[in-house]
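*Asks:* My questions all concern the structure below.
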Amino acid sequence: MHLLPEVLSDMTSPEAQPIINLTGVTKYFGTFHALKGIDANIKEGEFFSLLGPSGCGKTTLLRMIAGFEDPSDGTIVIGGKSMAGISANQRPTNMVFQSYAIFPHLNVAENVGYGLKKGKLSKQAQLAEVEKALEMVDLVGYGTRAAHELSGGQRQRVALARALVMRPKVVLLDEPLSALDKNLRDQMQVELRRLQQSLGITFILVTHDQEEALIMSDRIAVMFEGKIAQLATPEELYRRPISRRVASFIGVMNFLEARVTGSGEAGLQLDIPALGQVEVSHDHLPEGLNPQDIHTIGIRPEMLTVLYDGDQGAERIAQAQVVGTSYYGDMTYYSVLLPGHTEEVTISMRNTAGRSILNVGSTVSVGWGADSIVLFE
Amino acid sequence: MKRNRSPKWLAFYAVAYMVFLYAPVVLLPMFAFNDATVIAFPLSAFTTKWFDVLWNTPALHLAVKNSLLVGVSAAVLSTILGACAARATARYRFPLKRGILGFIMLPMVLPEIILAVALLVLLKQLGLPLSLWTVVGGHVLICVPFSIAILTSAFNGLDQSLEEASQDLGESRWGTFQRVTLPLVMPGIISSLLISFTISLDEFIIAFFLTGTDVTLPVYIWSQLRFPTKLPSVMALGSILLALSVILLILAEWFRRRSAHKQGADASATGGFV
């Protein structure tokens with residue numbers, strides 16, 4: 001799934017107001033410390049993802065924003081109003097549940113119109129609203145279908161329409177795509193993103209699928225064990241992960257031992273066995289980390305290239321031995337060993353014309369650049 | 001295929017079992033339509049006069065009215081109590097939950113005669129007069145376990161996120177109960193009402209011990225057995241009750257399955273009484 005460049009550049013404008021402020025949000029379940037002080041501002045109109053492994057507290061946080069759980073400590077402010085003591089049915093949020101929670105005794109139109117207040121709108125106006133919501137999710141003509149006649153993807157759309165018809169300030173999505181098969185999921189990711197952008201409503205997505213978060217989000221909060229490890233745009237998260245843990249959760253990252261030998265005007269001087277001396281710009285240094293604490297560098301598999309005869313020389317070249325290959329059709333993943341390192345390094349190569357698959361055991365030249373290096377503790 | 005064929009003796013056993021189980025039940029309607037005062041083979045002519053006798057017995061009508069009153073009251077009360085207990089066990093965690101539930105379910109296996117005697121002693125000690133209402137109390141005691149068993153499966157089958165979704169869409173707790181919870185467990189509630197009513201309707205021992213001067217139908221029937229000439233009309237009455245019980249049980253099971261189907265479960269996979 002590839003995003004169009006204009007979609008990427010169309011990030012939320014910096015002056016957008018926060019619609020949700022989370023301050024020191026903490027949750028205990030008995031003695032279990034589920035959330036350990038979450039601070040975050042979610043901007044109006046942004047697609048915000050809570051990404052993390054199961055049990056990291058992301059769903060708990062979403063349920064607290066929805067009003068199904070009360071924080072043990074800290075405050076949740078939505079649209080400038082504290083949500084303390086305000087129950088789920090009074091909040092300007094609507095949720096798409098993981099199980100979709102389609103009311104089985106109601107048909108599609110009744111499900112979508114469930115939340116429309118009886119007194120507030122005329123019967124006619126309600127039907128129009130429902131019809132409009134069904135149109136948004138591409139389910140025109142499905143109004144009289146019974147809940148059990150719907151496929152997984154259709155249930156998901158009904159759940160979405162049911163939330164959107166309420167015109168919420170924030171739509172909360174609890175792993176909405178996890179029950180769908182791969183193809184449908186890919187399609188829904190794009191559709192959800194488009195819908196969110198055309199409506200301009202804030203979406204908060206909970207997911208454990210890093211690819212999904214990268215594709216859909218304006219910003220992502222990566223969570224581990226009840227804490228936000230890093231909150232950044234997808235690109236920043238991928239290019240400058242703040243810790244080894246974040247780096248290995250988002251995509252694949254090679255880690256190599258390294259040593260800081262000095263710090264100059266241009267950047268930090270590092271000594272990496274087999275790769276040699278290299279100078280890395282200061283802005284690669286993760287926030288809150290001192291240069292002397294740097295002991296590891298990271299480099300993404302696609303930032304390394306196996307050099308074939310006739311390839312243009314890379315910025316830097318190192319020799320390595322191929323110890324394994326994985327062929328994926330369009331890509332080949334090589335595992336190589338650099339002299340002086342015990343950890344294998346993964347290199348991903350696009351299988352373009354004229355590039356044969358290298359044999360295990362052969363020695364290759366690996367090209368790399370100083371700019372692609374990420375610094376870690 | 002040969003391997004799957006059951007041996008002949010197994011088929012014989014099954015048939016014998018069914019005969020043993022249902023032959024007495026079949027005798028009931030047989031003699032109800034038999035034109036003879038003596039209950040014995042061979043059968044004489046076909047008649048419906050025993051049913052006419054029933055029609056002209058005011059004491060019987062009173063007993064039927066009493067039984068209906070007791071049955072409906074017991075069914076409603078035990079279903080309300082059962083719904084509360086089922087909801088609590090399905091949703092909440094509290095200390096001694098299993099123990100409490102075990103005690104509630106106990107009357108299901110306790111000999112009724114012991115229950116009846118114990119209740120009688122208790123009521124006498126409390127100085128409460130025996131009436132149809134004491135019978136209702138006793139019947140509620142034995143019906144509640146059945147109500148809980150039926151309703152727990154109904155409440156357990158209810159996805160909690162449905163109630164959350166309703167609240168998320170702006171509905172209050174009470175509104176959620178009315179618009180989501182109740183319609184979804186309604187088949188279970190109807191099933192519980194029917195089962196409790198059926199149990200109460202043909203319950204004898206408790207009714208016999210705890211009733212005052214008003215008798216319920218089973219107690220009336222028992223009192224009629226002293227007069228041999230009344231036996232055929234008792235047979236006729238028994239036939240009517242049998243048909244009624246079967247219809248009620250089928251209805252109850254139908255509602256229970258519909259509830260399971262509504263919630264997307266395989267009806268035959270979830271336990272039922274029929």
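*Asks:* Exactly one of these conditions fails for residue A:169: (1) away from chain B (no Cβ under 13 Å); (2) in contact with a helix residue (DSSP H, G or I) (Cβ under 9 Å, 6 or more places away or on another chain); (3) surrounded by fewer than 20 Cβ atoms within 10 Å (Cβ to Cβ). Give me its number.
*Replies:* Condition (2) is where residue A:169 drops out.
*Asks:* Checking the condition surrounded by fewer than 19 Cβ atoms within 10 Å (Cβ to Cβ), more than 9 Å from every other protein chain (Cβ to nearest Cβ), assigned to a loop (DSSP other than H, G, I, E, B) and at positive phi, which residue from A:55, A:143 passes?
*Replies:* The match here is A:55.
*Asks:* Related question: Would you check which residues across segment B:51-105 are in contact (Cβ under 8 Å) with a residue 60 or more places away in the chain, touching a helix residue (DSSP H, G or I) at 6+ places or on another chain (Cβ under 7 Å) and charged (D, E, K, R) and list them?
*Replies:* The one that is in contact (Cβ under 8 Å) with a residue 60 or more places away in the chain, touching a helix residue (DSSP H, G or I) at 6+ places or on another chain (Cβ under 7 Å) and charged (D, E, K, R): B:87.
*Asks:* Something else: For residues that are part of a helix (DSSP H, G or I) and within 14 Å of another protein chain (Cβ to nearest Cβ), tally how many sit in segment A:61-84.
*Replies:* First, pick out the residues of segment A:61-84 that are part of a helix (DSSP H, G or I): A:61-66.
So of that shortlist, the ones also within 14 Å of another protein chain (Cβ to nearest Cβ) come out as A:62-66.
Here the count works out to 5.
*Asks:* Does segment A:41-49 contain any residue that is away from every other protein chain (no Cβ under 14 Å), surrounded by 23 or more Cβ atoms within 10 Å (Cβ to Cβ), under 21 Å from residue A:176 (Cα atoms) and of a type in the set (Ser, Thr, Tyr)?
*Replies:* Checking segment A:41-49: at least one residue is away from every other protein chain (no Cβ under 14 Å), surrounded by 23 or more Cβ atoms within 10 Å (Cβ to Cβ), under 21 Å from residue A:176 (Cα atoms) and of a type in the set (Ser, Thr, Tyr).
*Asks:* For segment B:198-208, indicate whether the set of residues that are free of Cβ contacts under 8 Å to residues at least 40 places away in the same chain and either among the aliphatic types (A, V, I, L, M) or not in a helix (DSSP H, G or I) (or both) is non-empty.
*Replies:* There is at least one residue in segment B:198-208 that is free of Cβ contacts under 8 Å to residues at least 40 places away in the same chain and either among the aliphatic types (A, V, I, L, M) or not in a helix (DSSP H, G or I) (or both).
*Asks:* When the residues of segment A:109-140 are filtered to those that are assigned to a loop (DSSP other than H, G, I, E, B) and charged (D, E, K, R), which remaining residue is nearest to the other protein chains (Cβ to nearest Cβ)? Break it down into steps so the answer makes sense when it comes.
*Replies:* Within segment A:109-140, the subset assigned to a loop (DSSP other than H, G, I, E, B) is A:113-122, A:137-140.
Narrowing the set further to residues that are charged (D, E, K, R) leaves A:117-118, A:120, A:138.
Values: A:117: 7, A:118: 10, A:120: 10, A:138: 21 Å.
This residue is A:117.
*Asks:* If you don't mind, there's one more thing I want to ask. Taking the conditions exactly as written (modelled with pLDDT under 90, surrounded by fewer than 20 Cβ atoms within 10 Å (Cβ to Cβ) and in contact with a helix residue (DSSP H, G or I) (Cβ under 6 Å, 6 or more places away or on another chain)), does residue B:190 satisfy them or not?
*Replies:* Values: modelled with pLDDT under 90: yes; surrounded by fewer than 20 Cβ atoms within 10 Å (Cβ to Cβ): yes; in contact with a helix residue (DSSP H, G or I) (Cβ under 6 Å, 6 or more places away or on another chain): yes.
Here the answer is yes, as residue B:190 does meet what is asked.
*Asks:* Moving on to the next point. Could you check segment A:263-290 and list, in sequence order, the residues that are in contact (Cβ under 8 Å) with a residue 60 or more places away in the chain, under 21 Å from residue A:339 (Cβ atoms) and small (Gly, Ala, Ser)?
*Replies:* A:274
*Asks:* Being in a loop (DSSP other than H, G, I, E, B) and small (Gly, Ala, Ser) is the filter here, so list the residues in segment A:338-355 that pass it.
*Replies:* A:340, A:353, A:354
*Asks:* From the list B:33, B:46, which one is surrounded by 15 or more Cβ atoms within 10 Å (Cβ to Cβ) and over 26 Å from the mean Cα position of the chain (by Cα)?
*Replies:* Result of the check over B:33, B:46: B:33.
*Asks:* Mind listing whichever residues of segment A:250-295 are closer than 16 Å to residue A:369 by Cα and among the hydroxyl-bearing types (Ser, Thr, Tyr)?
*Replies:* Passing the criteria: only A:281.
*Asks:* Looking only at segment B:146-178, filter to residues that are facing another protein chain (nearest Cβ under 8 Å) and assigned to a helix (DSSP H, G or I); which one of those is nearest to the chain's Cα centre (by Cα)?
*Replies:* Only one residue tops the list, namely B:162.
*Asks:* Those residues that are more than 30 Å from the chain's Cα centre (by Cα) and more than 8 Å from chain B (Cβ to nearest Cβ), I need them from segment A:93-108; list them, please.
*Replies:* A:106, A:107, A:108
*Asks:* Checking the structure you have, find out if any residue of segment A:315-337 is surrounded by 12 or more Cβ atoms within 10 Å (Cβ to Cβ) and either among the acidic types (Asp, Glu) or assigned to a loop (DSSP other than H, G, I, E, B) (or both). Walk me through it before giving the result.
*Replies:* As a first pass, look at segment A:315-337 and keep what is surrounded by 12 or more Cβ atoms within 10 Å (Cβ to Cβ): A:316-325, A:331-337.
With either among the acidic types (Asp, Glu) or assigned to a loop (DSSP other than H, G, I, E, B) (or both) added as a condition, the list becomes none.
No, the conditions are met nowhere in segment A:315-337.
*Asks:* Restricting to segment B:152-169, and then to whatever is of a type outside the set (Val, Ile, Thr) and at pLDDT below 90, can you tell me which residue is surrounded by the most Cβ atoms within 10 Å (Cβ to Cβ)? Spell out the reasoning first.
*Replies:* Within segment B:152-169, the first condition is being of a type outside the set (Val, Ile, Thr), and the residues that meet it are B:153-169.
From what's left, at pLDDT below 90: B:153-160.
On the way: B:153: 21, B:154: 28, B:155: 21, B:156: 13, B:157: 18, B:158: 20, B:159: 18, B:160: 12.
Among them, the one singled out is B:154.
*Asks:* Output yes when any residue across segment A:91-98 is in a helix (DSSP H, G or I), at negative phi and surrounded by fewer than 18 Cβ atoms within 10 Å (Cβ to Cβ), and no when none is.
*Replies:* Looking for residues that are in a helix (DSSP H, G or I), at negative phi and surrounded by fewer than 18 Cβ atoms within 10 Å (Cβ to Cβ), one finds none in segment A:91-98, hence no.
*Asks:* Among the residues of segment B:195-211, which ones are hydrophobic (A, V, I, L, M, F, W, C) and more than 15 Å from residue B:241 (Cβ to Cβ)? Full working, then the answer.
*Replies:* At the first step, the residues of segment B:195-211 found to be hydrophobic (A, V, I, L, M, F, W, C) are B:195, B:197, B:199, B:201, B:204-210.
Result: B:195, B:205, B:206, B:208, B:209, B:210.
*Asks:* Evaluate segment B:69-80: report whether one residue or more is crowded, with 21+ Cβ neighbours inside 10 Å and among the β-branched types (Val, Ile, Thr).
*Replies:* The answer is yes, given that some residue of segment B:69-80 is crowded, with 21+ Cβ neighbours inside 10 Å and among the β-branched types (Val, Ile, Thr).
The values are calculated or read from the model by the stated rules, or taken from the named source; none is laboratory data. Everything quoted here is computed from the prediction, not taken from an experiment. Counting neighbours? That spans all protein chains shown, and the Cβs are built from the backbone with ideal geometry, glycine included.
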